[in-house]
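Note sheet for the following structure.
The values are calculated or read from the model by the stated rules, or taken from the named source; none is laboratory data. Since this is a predicted model, take the numbers as computed values, not measurements. Cβ coordinates were reconstructed from backbone atoms using ideal geometry, including for glycine residues, and neighbour counts include every protein chain displayed. Ligands, DNA and RNA are stripped out before the accessible areas are found, and what is left, the full protein with its side chains, is counted by its heavy atoms. Shrake-Rupley method; radii C 1.70, N 1.55, O 1.52, S 1.80 Å.
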Amino acid sequence: MQWTSILAIYFIVWVMSAFFLLPFGVRTHDELGLEKVPGQADSAPANFRPGRVALRATILAAVLTGLFALNYEYRWVDVDDLDVTRLFA
């Protein structure tokens, strides 16, 4: 596999990981007992830390991309393994 392909896969996995990790660890103003700004949505986060989300997404994407590249190299799970039509034959 070319390094540019690995980089593209890493970027896609990073974006998906970041969106997956966004809601974890975030608390609202009501949960933290803080005062809300007039007009603020009740679900608005009070302790959002984008740097922490980016760091966690970077680590998760590196692990998942590494597993993907290793699977590509050693063929642990192949397309034939994912053929569900064999289950009903």
Tell me which residues come under 5 Å, amide H to amide H, from Thr28 once H is placed; ignore anything under 5 positions away on its chain.
Ala46
Ordering Ile9, Ile59 from largest to smallest accessible area (1.4 angstrom probe), what's the sequence?
Ile59, Ile9
Counting only protein heavy atoms and a 1.4 Å probe, tell me what percentage of the chain's accessible area is made up of carbon and sulfur.
66
Using Cα centres only, tell me the gap between the range 9-27 and the range 49-89 in whole Å.
15
Relative contact order, percent, the chain [alpha-carbon distance under 8 Å, six or more residues apart]:
37
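Multiply the residue separation of Arg52 and Lys36 by 0.36 nm, subtract the distance between their alpha-carbon atoms, and state the gained length in nm to one decimal.
On the way: separation 16, 0.36 × 16 = 5.76 nm, distance 2.33 nm.
Additional length available on full extension: 3.4 nm.
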Taking only the alpha carbons of the chain, what extent do you get along each of the three principal axes, in Å, biggest first?
59, 38, 18
Between the helical axis of 50-74 and the dominant principal axis of the chain, each derived from Cα atoms, what acute angle in degrees is found, rounded to the nearest 10?
10
For Phe68, put the label point 7 Å out on the Cα→Cβ axis and report which residues of the range 1-42 keep their amide N under 15 Å from it.
1-20
Would you mind putting 81-89, 34-42 in packing order, based on average other-beta-carbon counts within 10 Å, highest first?
34-42, 81-89
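What accessible area per residue comes out for the chain, rounded to a whole number of Å², with a 1.4 Å probe? Write out the running numbers ahead of the final one.
Working: 7190 Å² over 89 residues.
Ligands and nucleic acids excluded, the figure is 81 Å² per residue.
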Residue-ordered couplings for the range 8-25, obtained by feeding phi - 60° into the Karplus form 6.51 cos²θ - 1.76 cosθ + 1.60 and rounding to whole Hz (Gly and Pro as x), are 5, 5, 4, 4, 5, 5, 5, 5, 5, 5, 4, 5, 5, 8, 3, x, 7, x
